[in-house]
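A.B. asks: Before I ask anything, here is the structure I am working with.
The values are calculated or read from the model by the stated rules, or taken from the named source; none is laboratory data. Just so you know, these numbers come straight off a predicted model, no measurement behind them. Reconstructed Cβ throughout: ideal geometry from the backbone, glycine too, with neighbour counts over all protein chains shown.
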Amino acid sequence: MSIELAYLEPGAVASLIVPAGDPELVPPTLPAALARRLGGSPAGRRQTLGAWSVERRSARCDPFSWSAATARRALGRSALHRLVRGEDATLGAALAHVLEHRLDRAASGYAGAGSLGAWLARLDTAGRATVMSAARTWAVSVLELTHQMASWSAPESDAYYAVDRSPVTLRGRRDIVTARSLICVRAGRPSASAGAGLRVDLLVAGLAHPAGELPAQVVGVWPDAGLALGLRGSVADARRGARYVVAAAVAAGAVAAAA
């Protein structure tokens with residue numbers, strides 16, 4: 001089995017991170033195959049696919065809307081990015097700067113009507129306080145995962161890869177990054193298809209890397225369930241992630257099914 005289960009306790013995530021050897025590289029045939037298979041859209045529209053799309057492709061997905069639950073990761077991760085880079089001395093100060101930045105963008109017209117900043121601007125003071133409390137809780141739970149990690153960073157955004165000659169863009173989650181490992185924090189509890197989602201995150205990380213390097217492992221963490229799943233990075237698992245992406249694109253109507 002290439003996926004390892006761990007129960008969350010101090011140092012559990014660090015124990016899943018193995019010393020990195022020589023990195024495996026995304027073979028050049030893989031992005032070419034994705035471009036060939038995902039090239040063309042019957043609806044002529046852009047589509048972003050990621051782990052969530054793969055894990056939920058057979059289930060009904062409600063239209064996206066902002067809420068404290070959907071906003072907490074974006075706000076909390078931006079605050080962690082500022083904190084780890086030393087831009088702010090405390091998490092509270094980082095969260096305050098993140099909120100101010102989002103509201104400033106909305107007020108200046110740089111944020112679209114459906115953006116997080118515009119949604120925050122429409123909330124009253126109590127509503128914003130609720131959202132920022134959820135963001136703080138999320139950020140604290142992520143900080144707890146870094147126990148016993150020697151070195152790590154908090155990316156400001158997910159990884160994205162635009163498939164060549166295709167309307168499909170792939171998104172890979174990333175919340176904590178070490179020298180060769182990727183840690184993705186998820187809500188709820190892992191589903192039966194959680195391994196497929198981790199393979200998609202692995203694939204996108206490799207495709208987005210300038211040299212095509214795959215992470216030595218991808219760790220999915222579900223703090224609400226107290227569980228973590230560790231996937232050793234390999235070309236074989238990246239190829240499986242590519243197959244899951246194609247299947248999700250077909251199910252979403254982004255591309256036609258193969259004849």
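A.B. asks: Need pairs with beta-carbon distance below 9 Å; first residue more than 15 Å from residue 171 (Cβ to Cβ) and within the stretch 240-253, second among the β-branched types (Val, Ile, Thr); sequence gap 6+ or separate chains.
C.D. replies: Within 9 Å, the pairs are 246/255; 247/54.
A.B. asks: Something else: Can you tell me which residue is surrounded by the fewest Cβ atoms within 10 Å (Cβ to Cβ) among those in the stretch 99-144 that are charged (D, E, K, R) and closer than 19 Å to residue 187 by Cα?
C.D. replies: Step by step, filter the stretch 99-144, then rank; the result is 144.
A.B. asks: Same structure, new question: For the condition more than 15 Å from the chain's Cα centre (by Cα) and outside the structural domain of residue 137 (by TED's automatic domain parsing), what is the one hit in 199, 180?
C.D. replies: 180
A.B. asks: Is it fair to say residue 216 is surrounded by fewer than 16 Cβ atoms within 10 Å (Cβ to Cβ) and either farther than 18 Å from residue 32 by Cβ or modelled with pLDDT under 95 (or both)? Steps first, please.
C.D. replies: Details: surrounded by fewer than 16 Cβ atoms within 10 Å (Cβ to Cβ): no; either farther than 18 Å from residue 32 by Cβ or modelled with pLDDT under 95 (or both): yes.
Considered against the rule, which asks whether it is surrounded by fewer than 16 Cβ atoms within 10 Å (Cβ to Cβ) and either farther than 18 Å from residue 32 by Cβ or modelled with pLDDT under 95 (or both), residue 216 comes out as no.
A.B. asks: Another question, then. Check off (1) closer than 24 Å to residue 27 by Cβ; (2) at pLDDT 95 or above for residue 181 and give me the number that stays unchecked.
C.D. replies: Of everything listed in (1) closer than 24 Å to residue 27 by Cβ; (2) at pLDDT 95 or above, residue 181 misses just condition (2).
A.B. asks: OK, next. Quick one: which strands (runs of 3 or more DSSP E) lie wholly within the stretch 144-242 and hold at least 3 residues that are hydrophobic (A, V, I, L, M, F, W, C)?
C.D. replies: Filter on the stretch 144-242 gives 181-185, 217-222, 227-232.
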